[in-house]
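The values are calculated or read from the model by the stated rules, or taken from the named source; none is laboratory data. As the structure is a prediction and not an experimental result, all values here were calculated from the model. Cβ sites come from the backbone with ideal geometry, for glycine too, and all protein chains shown count toward neighbours. All accessible areas refer to the heavy atoms of the entire protein, side chains included, with ligands and DNA or RNA removed. Shrake-Rupley method; radii C 1.70, N 1.55, O 1.52, S 1.80 Å.
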Amino acid sequence: MKSAQPAAGLLLTMPELVPELGTVRMAGAGLAAEGLGPEVLAGDRGQRAAARDALGARLTGICPPGPGFQDPGSQAQDDFFGVGRTLAREPAAVGLAFLLAHLEVLDDAEESGSGLPEAEWDALLAAATMLFGEGDGGEGLGPGAAVPVAGPPAGDRAAALRRWRCGHRLFFVVTQGIVSALSGTVRSVSEDRADEGCSALAAAAALSRGAAAALRFTADFPTRAYADTVRPSMMPPGVPPGFSGVQGPDHQVLVELYRRMRPVLTSLDPETWPIRAFQDATAEMFAAHVGVCDRFGGGEQPSILMEAHGHHDARVTATHVLDKLVRSRLTLLDSP
């Protein structure tokens with residue numbers, strides 16, 4: 001079943017084809033040398049529009065659209081959130097999609113308002129540097145960064161649905177960034193390249209903090225708009241029964257990488273590797289996910305997926321189930 005979502009607004013790499021961080025950073029450095037790096041996020045609305053045109057043209061020029069997912073649930077998610085997929089394993093595509101999603105979010109915040117505090121924007125913008133250089137995510141874009149002025153978000157239904165969709169697109173690309181960073185960590189450890197591995201793990205931490213901020217931005221609209229508009233839009237007939245962000249294809253690949261990371265983390269010295277920073281940032285990301293669920297009534301009602309499966313136990317809410325799932329995910333990253 002196809003949703004009523006129009007043609008894809010953002011082209012992403014298939015999640016299992018996301019390249020490792022080293023190659024992504026090399027491609028990102030080339031883009032930055034052409035003026036197509038994170039500095040485009042510091043421009044005004046007109047400059048961001050021009051950057052979006054240039055970035056979009058480059059992305060479609062190097063990555064032909066693919067057929068999408070065979071799995072109906074994964075494809076329904078892409079259709080709903082306005083995502084297309086490419087089979088090209090092109091390192092530059094990761095950074096290009098990353099910037100395009102960030103530009104869209106900056107425009108949405110300017111148009112519809114946002115109560116996201118400056119520290120959260122700093123986390124988002126710092127994460128944007130991870131795919132374009134060797135920084136640790138603490139320097140951001142500098143004093144010229146275009147951090148939106150905080151203000152109450154718009155309460156109308158169209159603005160809420162737009163925020164929900166563009167915020168998820170941002171979360172998807174940041175998730176791909178984490179996948180790239182963790183894949184790079186695993187490879188560096190296996191090849192005994194500690195400096196590169198430490199840098200990649202630090203990048204994964206910064207990107208995970210950015211993912212937490214992306215989730216908070218996604219939920220930055222009045223709760224009544226979720227109940228009135230957003231939740232019904234994710235139910236039949238627009239989408240198949242049981243629509244669930246927990247089952248997103250990019251997140252599934254990330255969780256599989258967590259499983260691969262556990263023995264890797266166990267083998268590393270926590271005194272010289274940023275293991276705790278990565279674990280803490282991952283916990284923050286999952287806490288933000290639980291916070292979104294709870295904000296929109298997950299503490300009192302089942303999720304859409306639970307409803308589709310005939311859940312009727314009022315004692316087991318969406319937040320309860322998600323919190324249990326989060327604990328199991330974090331266990332994958334436990335280390336001595």
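Over all Cα atoms in the chain, the spread is summed up by Rg and Dmax: 19.0, 57 Å.
From the alpha carbon centroid of the stretch 25-79 to that of the stretch 252-292 is 27 Å.
The charge dipole of the chain, taken about its Cα centre with unit charges on the Cβ atoms of Lys, Arg (+1), Asp and Glu (-1) only, comes to about 840 debye.
The label point for GLU300 and the one for LEU17, both projected 7 Å from the Cα toward the Cβ, are 4.5 nm apart. Computed over the stretch 1-133, the P(r) curve from all C-alpha pair distances, binned at 10 Å from the origin, holds 12, 40, 35, 13, 0 percent per bin. Each of VAL255, ALA181, PHE243 was scored by the projection of its Cα onto the charge dipole of the chain, and the greatest displacement toward the positive side belongs to PHE243; charges sit on the C-beta of Lys, Arg, Asp and Glu.
Only Cα sites of the stretch 207-321 enter the Debye sum here, all with the same form factor; the resulting log10 I(q)/I(0) across q = 0.10, 0.12 1/Å is -0.39, -0.55, listed in q order.
Counting only heavy atoms of the protein chains and using a 1.4 Å probe, VAL321 has close to 60 Å² of accessible surface. Using only Cα coordinates, the Kirkwood hydrodynamic radius of the stretch 44-93 works out to 12.5 Å.
Screening the chain for whole DSSP H helices with an alpha carbon extent of at least 24 angstrom along the helix axis and a mean Kyte-Doolittle hydropathy of at least -1.0 yields 45-62, 91-112, 157-190, 194-218, 249-266, 275-295.
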